[in-house]
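Comments concern the structure below.
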Amino acid sequence: MAELRIAVDADQDGPGGRLQPLDEHGQPTGPVERVRELAAAMAAREQAQRPRWVWAATDEVYVRLLPQLPASRLGRCHDVKLVEPLLLAQEGAYGEPRSLGAAWARLRGLPVPRDLPLGLAAAEADAHAQDALFAPDRSRLEPGVDPLTALVAVHTEQLRRLAALPEQDRHGLRLLVAAESAGGLVAAEMAYDGLPWSTTVHDALLEELLGARPTAAQAASGARPPKLAALGIELQEALHARQLNPDSPGQVLQAFAKQGVSLTSTRNWMLRQVDHPAAPLLLRYKELSRVYAAHAWAWRDAWVRGGRFRPEYVVGGVVSGRWASRGGGALQIPRILRGAVVADPGWRLVVADAGQLEPRVLAALSGDPGLIRAGAAGDLYAGLAADAFGGDRARAKLGLLGAMYGQTSGEVGPLLAILRRRFPQAMGLVEAAARTGEAGGTVRSRLGRVCPPPSAAWQDATAAAYGGDVDALAEEGGGRAGSAARSRGRFTRNFVIQASAADWALALIAALRRRLAELPPGPAGERPRLVFFQHDEIVVHSPIALAEAVAATVTASAEEARRLVFGDTPVHFPMDTHIVERYADAKGGEPTDSELDDEEGPGF
């Protein structure tokens with residue numbers, strides 16, 4: 001059955017707009033219809049026809065509709081602004097402007113307008129750019145262009161470009177386009193619904209960790225909260241320093257050096273190896289300082305409203321396809337503050353994460369039978385240790401993370417030799433990706449997301465060193481140029497894994513969003529909502545009566561994502577799922593790989 005699509009143009013001033021039905025190729029199948037209440041008209045068509053909505057950008061259109069939509073909301077969309085960079089990257093035009101206006105200009109052979117900076121409000125944008133052609137809705141269309149006409153034309157062209165891809169690429173990218181657009185819906189809804197946040201618990205946690213809140217005058221003068229200030233003094237005394245700014249890495253490194261401790265950085269993994277009483281003090285200071293700077297009182301004043309943390313998510317904000325956030329630190333809520341995430345009375349939090357996601361993705365991508373077997377019993381690192389490292393789980397984990405992130409020095413080198421012998425397909429995949437990067441090439445995720453090409457400066461440096469002989473460059477090193485080549489090899493080595501993990505995670509939340517909408521409502525008509533997503537972890541706020549059903553839905557969604565992204569693979573992606581009142585109650589054991597990567601890298 002042919003898919004119905006409906007193009008949407010929302011009025012800039014007022015609740016109305018225009019709709020136009022399209023066929024599966026993007027061609028109009030009926031006249032433009034003007035409606036006085038756009039949200040109501042779309043809700044009625046959603047109920048009756050289940051179309052795929054086509055608009056310039058979810059974060060411009062859908063966010064305005066959400067307050068007027070019923071609890072059931074909209075099902076599917078095609079987001080032109082999210083799809084355009086995926087197609088441009090396929091065509092070797094990575095990083096080009098992606099707005100509707102930019103896509104329209106390319107289609108018409110006109111000068112392409114720049115995208116607006118992320119997070120810049122429309123009114124600010126006009127003053128910032130001093131550009132009379134700035135469109136107030138961020139679409140960047142030049143004056144006189146009908147937005148609906150441009151939308152229909154650009155959407156049709158995007159579908160044509162998708163259809164023109166080689167057959168081996170087309171299926172995966174179609175899935176990625178649908179998942180990326182679904183991610184836009186999820187991001188808008190999570191920002192609208194918000195993550196439950198108890199200001200009372202947050203205050204208690206902050207006072208326990210930091211002490212009393214500094215006054216406005218104290219904060220303006222740079223004064224630290226009392227417990228943080230006391231910890232800084234304790235650190236200074238432990239290092240026998242006459243003066244010390246614990247926020248200055250240079251001063252801290254110099255103070256350690258005077259104590260006979262040579263450090264090249266103050267990164268956590270390095271400090272954990274230091275046998276000096278100041279090291280744990282600095283680790284604690286860094287942790288609390290980060291809380292104060294990123295998630296304390298000023299942060300709450302800006303981002304918590306009505307008992308909800310309401311961040312702005314940026315879909316595909318990282319080159320690998322991972323999300324970013326536009327302020328608010330949504331993707332790095334410290335563990336020690338997760339006790340402030342408390343379900344409403346009569347509700348629970350269903351918290352689930354895919355443990356050891358990236359190693360499992362490597363197993364699925366490579367089809368390596370040994371790595372697949374290692375993960376079959378549950379703990380992949382333990383299975384790896386039993387198979388190749390004499391039961392030493394720590395060495396197994398260190399070696400595999402080293403292979404995925406490109407660490408070869410120190411203790412990791414001999415571990416990689418073991419991995420190459422025992423798991424040749426998995427190691428061959430990451431090393432081939434590294435060689436491609438060292439040679440200046442690009443690699444792709446499972447569904448076809450393309451990594452950025454090397455910069456012009458990188459190309460100039462490597463060409464100057466070896467006259468374009470990239471094989472010699474990769475083999476011999478070549479000083480700064482060789483270092484640049486190896487650095488890019490580490491990037492491409494991990495990109496294929498991290499970006500494919502992002503593919504799976506997008507498919508997971510798209511499936512979960514759909515399946516949650518299919519559940520019957522709670523006793524009072526309440527519906528569970530996906531309220532948090534971080535790389536490989538999700539949180540659903542659910543009525544107690546539906547919590548068990550939601551947990552089962554999470555499991556089913558993970559399995560659906562596995563089949564969609566990796567096809568007929570024996571690798572499973574188990575979800576560690578908990579039904580809790582507080583987010584903190586669901587967290588235990590070792591940090592996930594994504595948490596390690598976000599904070600410090602995997603120990604390298």
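Miscellaneous remarks
- Per-peptide average of other Cβ atoms within 10 Å, ordering 445-454, 512-521, 344-353, 154-163 highest first: 445-454, 344-353, 154-163, 512-521
- Sequence of S289, S557, S409 once ranked by neighbouring C-beta atoms within 10 Å, starting from the fewest: S409, S289, S557
- Remark: region 558-572, residue by residue, has Karplus-estimated 3J(HN,Hα) of 5, 5, 4, 4, 4, 5, 5, 8, 10, x, 7, 10, x, 6, 10 Hz, where x stands for each Gly or Pro and the curve is 6.51 cos²θ - 1.76 cosθ + 1.60 at θ = phi - 60°.
- Helix axis angle, 147-163 relative to the chain longest principal axis, alpha carbon, degrees: 60
- For region 5-164: relative contact order, % (alpha-carbon pairs under 8 angstrom, 6 or more apart): 21
- For the chain, the Rg and Dmax computed from alpha carbons only, in angstrom: 25.7, 79
- Other-chain or far-sequence residues with amide H under 5 Å of F309's (modelled H): L195, W197
- Taking W299, W504 and counting other C-beta atoms within 10 Å, the order from fewest to most: W299, W504
- In the chain, the DSSP beta bridges split such that about 85 percent are antiparallel, to the nearest 5.
- Cα shape, region 261-403, gyration tensor, a/c 1.5 rule: oblate
- Residues of region 543-573 with amide N under 15 Å of the 7 Å Cα→Cβ point at A376: 569-573
- Compared with the dominant Cα axis of the chain, that is its longest principal axis, helix 479-518 is turned about 50°.
- Cleavage-rule hits (trypsin sites (Lys or Arg not before Pro)) in region 173-264: DSSP loop, at most 14 neighbouring Cβ within 10 angstrom: R242
- Projecting the Cα atoms of A433, G482, L415 onto the dipole axis of the chain, where Lys and Arg carry +1 and Asp and Glu carry -1 at the beta carbon, places L415 farthest toward the positive end.
- Antiparallel beta bridges, as assigned by DSSP with both residues in region 5-164, represent about 60 percent of the total such bridges.
- Along the axis of the charge dipole computed for region 130-248 (Cβ charges of +1 for Lys and Arg, -1 for Asp and Glu, origin at the Cα centre), the listed residues A182, V154, W197 are led at the positive end by V154.
- Other-chain or far-sequence residues with amide H under 5 Å of R76's (modelled H): W53
- Sequentially through region 26-34, phi angles give Karplus couplings (6.51, -1.76, 1.60; θ = phi - 60°) of x, 7, x, 10, x, x, 6, 10, 8 Hz, Gly and Pro residues having no value and appearing as x.
- Working from the Cα coordinates of region 5-164, the gyration tensor eigenvalues give, after taking √(5λ), semi-axes of 25, 20, 14 Å in decreasing order.
- The charge dipole of the chain, taken about its Cα centre with unit charges on the Cβ atoms of Lys, Arg (+1), Asp and Glu (-1) only, comes to about 300 debye.
- Scanning residues 5 or more positions from A7 or on other chains, those with amide H under 5 Å from its amide H are Q20, L22, V54, with H placed 1.01 Å from N in the peptide plane.
- The count of lysine pairs in the chain whose Cα atoms are under 22 Å apart, excluding pairs fewer than 8 places apart on the same chain, comes to 4.
- Helix 167-193 vs. the chain, principal-axis angle (Cα, 0 to 90°, nearest 10): 90
- For region 358-499, the Kirkwood hydrodynamic radius comes to 15.6 Å, computed from all pairs of different C-alpha atoms.
- Each Cα pair under 8 Å and six or more residues apart adds its sequence gap; the mean of these over the residue count of the chain is a relative contact order of 14 percent.
Where a number appears in this text, it was derived from the coordinates with a stated rule and is not lab data. Worth saying up front: this structure is predicted, and the values here are computed from it rather than measured. Counting neighbours? That spans all protein chains shown, and the Cβs are built from the backbone with ideal geometry, glycine included.
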